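Read the figures in this text as sums done on the coordinates, not as results from a lab. Keep in mind it's a predicted model, so treat the numbers as computed, not measured. Reconstructed Cβ throughout: ideal geometry from the backbone, glycine too, with neighbour counts over all protein chains shown.
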Amino acid sequence: MKVKIGIAGAGAIAQVAHIPAVLSCEEAEIYALCDVDEARLYKLQEKYKVKIYTDFEDMVKDEELDAVIIATPNYLHYPMCIAALEYGKYVLCEKPLGINTEEVERLVEFSKKHGDKLVPCFNNRLRPDVITLRKYVKGGEIGRVYYAKTGWLRKIGPETPSWRQRKSEAGGGVLLNLGIHLLDHTLWILEKKPVSVCASLHLSGEVEDAGVCMIRFEDDSFMTLEAGWTLLFEKDFTYFNLYGERGSALLSPLKIEQVYKDEVREITPRKPERNPFKVSCEEQIKRFVEFVQGKKKPPFTPEDALALSRIIDAAYLSSREKREVEL
């Protein structure tokens with residue numbers, strides 16, 4: 001029997017990532033979609049021949065439903081996770097799990113009491129290039145990494161009202177909505193323990209639209225993270241660079257260089273042919289479905305999400321109080 005999945009939120013991330021990923025999985029099917037936009041739902045129903053709901057609780061009450069994917073605005077993640085878990089459903093939820101650390105802590109405990117069925121979306125860890133880079137770092141190919149820097153910068157566009165600009169619905173601005181994705185795979189690649197955060201954020205209305213964070217690790221190495229979504233650029237771009245004592249590496253595209261006998265040589269493996277993001281979304285669904293079927297352990301845990309939330313909250317505190325915050 002295929003795992004029957006309901007998707008809450010039929011916006012861009014659902015249509016670009018989650019729906020195609022479920023369709024690619026032989027062991028799963030899209031059973032239902034839920035959204036407040038009825039016109040959008042009817043179009044998707046016609047395309048995919050699925051059940052549709054405008055009320056999330058009505059969807060998770062359905063006894064035929066096995067699992068849900070939550071791809072809604074941030075403020076709905078916590079209550080939707082709670083409701084789905086109460087009805088015994090497995091849950092795959094987009095980042096962040098909650099709008100602050102307090103919500104995520106409550107979710108961690110609630111999940112434990114209801115069968116440990118909650119899985120956060122950390123698909124970037126499943127990108128082929130990220131997996132390869134982590135392998136090279138763990139293997140010591142570029143030596144001890146002493147500095148990592150990463151950023152996600154979006155050009156300014158036509159202003160349209162959005163839940164992302166309202167703190168009560170978003171929890172935070174560009175750091176929580178974009179920066180958290182970069183932070184996750186950086187920490188996963190490095191496998192270092194963060195000990196402090198120093199951040200400076202630029203507020204635009206209720207939330208930040210640009211910011212820079214420096215995170216110091218237990219071994220005195222450090223990373224910087226910058227994010228912005230109202231900047232004057234020709235186009236959006238992201239970057240990720242690692243600097244080690246024997247070499248360096250970057251993503252998008254993957255490139256690894258090593259110092260060998262006083263010469264710099266490139267040791268980048270053959271590049272993957274498929275889009276890394278698409279591959280990661282498909283692999284995430286596959287592993288989630290295997291978890292629902294009882295075949296494998298969950299690919300990620302709520303505790304992973306809690307660690308990120310604590311760092312993000314520390315960054316907000318650091319910016320407000322203009323000081324370094326210990327973790």
Over 26 Å between Cα atoms: which of LYS4/LYS278; LYS2/LYS271; LYS95/LYS297; LYS4/LYS135; LYS47/LYS155 fall into that group? LYS2/LYS271; LYS4/LYS135; LYS47/LYS155
How many nm separate the modelled label positions at ARG323 and TYR260, each set 7 Å beyond the Cα in the direction of the Cβ? 4.9 nm
Would you mind computing the Rg to Rh ratio of region 133-261 from its alpha-carbon coordinates, Kirkwood style for Rh? 1.03
What's the whole-number percent of alpha carbon pairs in region 191-327 lying beyond 17 angstrom? 74 percent
Starting from the Cα-Cα distance between GLN293 and ILE267, subtract it from 0.36 nm times their residue separation and give me the gain in nm to one decimal. 5.4 nm
Mean Cβ count within 10 Å, highest first, over the residues of peptides 34-40, 54-60: 54-60, 34-40
Degrees between helix 180-190 axis and first principal axis of the chain (Cα, 0 to 90, nearest 10): 50 degrees
For the pair ASP220 and LYS193, how long in nm is the line joining their label points, each one 7 Å along Cα→Cβ? 1.7 nm
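Using 0.36 nm per residue, how much length does the chain from GLU169 to TYR87 gain when fully extended, once their Cα-Cα distance is taken away? Please list the in-between numbers first.
Details: separation 82, 0.36 × 82 = 29.52 nm, distance 2.44 nm.
Gain on extension, GLU169 to TYR87, equals 27.1 nm.
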Over the chain: helical MRE at 222 nm, DSSP H runs n ≥ 4 each giving -39500 (n - 2.57), nearest 500: -10500 deg cm²/dmol
Helix 276-292: angle to the longest alpha-carbon principal axis of the chain, degrees 0 to 90, nearest 10? 50 degrees
With a point put 7 Å past each Cα toward its Cβ, work out how far VAL16 is from GLU29 in nm, to one decimal. 2.9 nm
State the Cα centre-to-centre distance between region 187-220 and region 26-40 in whole Å. 36 Å
Kirkwood-based Rg over Rh for the chain (C-alpha set), two decimals? 0.97
Along its three principal axes, how long is region 48-145 when you only count alpha carbons? Whole Å, largest extent first please. 53, 37, 24
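Work out the FRET efficiency for HIS202 and GLU105 from their Cβ-Cβ distance, taking R0 = 25 Å, and round it to the nearest 0.05.
0.30
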PRE zone check, label point 7 Å out along Cα-to-Cβ of TYR243, amide N under 19 Å, scope region 208-233, hits 212-227
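Relative contact order (percent) for region 30-121, with alpha-carbon contacts under 8 angstrom and 6 or more residues of separation?
The value is 22 percent.
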Mind giving me the FRET efficiency for ASP58 and PHE277? R0 is 45 Å, r the Cβ-Cβ distance, nearest 0.05 is fine. 0.90
Förster radius 30 Å - calculated FRET efficiency between GLU234 and ASP37 (Cβ-Cβ, nearest 0.05): 0.40
What is the helix-to-structure angle for 38-48, meaning the angle in degrees between its Cα long axis and the longest Cα principal axis of the chain, kept from 0 to 90 and rounded to the nearest 10? 90 degrees
